[in-house]
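The structure appears right after this line, and notes come after that.
The values are calculated or read from the model by the stated rules, or taken from the named source; none is laboratory data. Computed from a prediction, not measured in an experiment: that's the story for all the values here. Neighbour counts run over all protein chains shown; Cβ positions are idealised from the backbone, glycine included. Ligands, DNA and RNA are stripped out before the accessible areas are found, and what is left, the full protein with its side chains, is counted by its heavy atoms. Shrake-Rupley method; radii C 1.70, N 1.55, O 1.52, S 1.80 Å.
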Amino acid sequence: MSPPAPQALRRFPNPRLTGLGNGLFCGAVMVVLGYLDSLLFGALLTLYGVLFVPVCVLTAVWVRRGDLMTPPVVLPIAFAVGLLPVSDHGGGISGHLMGLFTGLATQAGWLYAGTLIAGLIVVVRRVRLVARREAARRRQA
């Protein structure tokens, strides 16, 4: 009989997304979260930033091994795209852009934190992958 923790972990989804799928996943999730934040909570930028961190973790964990370096690239783009419905809208295109830039500036801490966490997860996964390949190469020799 195996311990209960590994059985519980097996129930969680474990998709492996390509680089493009990874970008589409986090972009779509951040847009949906941005709209939900705007509709339900009146566009709380801090809530949007807090919700960005778990998306970063999922994006870094679910990317396939061959595309490990894509999450740190696509996450800031997804953050900016999802910020569009949350940012202030005032006075046409220039007001919309000003709200977007203000949101990016005021929520940069969440952007950096989420991207850093995803980067660390990706680097650890990459180091483990290289170590496994090296161990397999030594066993064959």
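Mind listing whichever residues of the stretch 89-101 are assigned to a helix (DSSP H, G or I) and either in contact with a helix residue (DSSP H, G or I) (Cβ under 8 Å, 6 or more places away or on another chain) or open to solvent by 70 Å² or more (accessible area, probe 1.4 Å) (or both)? Across the stretch 89-101, the qualifying residues are ILE93, SER94, LEU97, MET98, LEU100, PHE101. Scanning the stretch 67-97 for residues that are of a type in the set (Gly, Ala, Ser) and over 17 Å from the mean Cα position of the chain (by Cα) yields SER87, GLY90, GLY91, GLY92, SER94, GLY95. Considering the stretch 7-22, and only residues there that are more than 11 Å from ALA60 (Cα to Cα) and either among the aliphatic types (A, V, I, L, M) or open to solvent by less than 60 Å² (accessible area, probe 1.4 Å) (or both), the residue that is modelled with the lowest pLDDT turns out to be LEU9. Test LEU75 against the criterion of being part of a helix (DSSP H, G or I), free of Cβ contacts under 8 Å to residues at least 24 places away in the same chain, out of contact with any strand residue (DSSP E or B) (no Cβ under 6 Å at 6 or more places or on another chain) and closer than 16 Å to TYR112 by Cα, and give yes or no. Criteria not met by LEU75. Of the candidates LEU104, LEU40, LEU68, LEU44, the single residue that is touching a helix residue (DSSP H, G or I) at 6+ places or on another chain (Cβ under 7 Å), open to solvent by 60 Å² or more (accessible area, probe 1.4 Å) and on the phi < 0 side of the Ramachandran plot is LEU44.
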